[in-house]
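**Student:** Please find one structure pasted underneath; my questions will follow.
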């Protein structure tokens, strides 16, 4: 894992004789996985990473949202192109419920999985 330190600057104003600027060096450790380090943290990368890590399981939009911390609408928005590219399989369950799973038979999905596994070995 890669650690990044964040520093926060706070302004303190209106203290009897005027305004003052005070710097607070609050160090907070945040872990970034190798994909985030290279491509940045996006909703689509977060969803894809979740599906790769759970590639043998099908799940619902709400399950992905809960596991990733993304909103249901964000997951819905970013999963559409993944389904369109064939990387993710969408299966209807009744009239309104859909399940999603990484399409491990897709050549593109296999390349993404291989890349994910290799980059995690190299960048750790």
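**Student:** Where in the range 1-114 are there strands (runs of 3 or more DSSP E), lying wholly inside it, with at least 1 residues that are touching a helix residue (DSSP H, G or I) at 6+ places or on another chain (Cβ under 9 Å) and at pLDDT below 75? Before the answer, list the steps.
**Tutor:** Working: elements: 2-15, 18-32, 88-93, 97-102.
Fully inside the range 1-114 and qualifying: 2-15.
**Student:** Could you tell me which residue of the range 109-124 is nearest to residue 72 (Cα to Cα), considering only residues that are without any contact (Cβ under 8 Å) to a residue 24 or more places away in the chain and surrounded by 12 or more Cβ atoms within 10 Å (Cβ to Cβ)?
**Tutor:** Residues of the range 109-124 without any contact (Cβ under 8 Å) to a residue 24 or more places away in the chain: 109-111, 114-115, 117-118, 121.
Next cut, surrounded by 12 or more Cβ atoms within 10 Å (Cβ to Cβ) only: 109-110, 115.
Numbers: 109: 23, 110: 26, 115: 27 Å.
Taking the candidates together, the pick is 109.
The values are calculated or read from the model by the stated rules, or taken from the named source; none is laboratory data. What you see is a predicted model, and the numbers here were worked out from it, not measured in a lab. Positions of Cβ are generated from backbone atoms using ideal geometry, with glycine treated the same way; all protein chains shown enter the neighbour counts.
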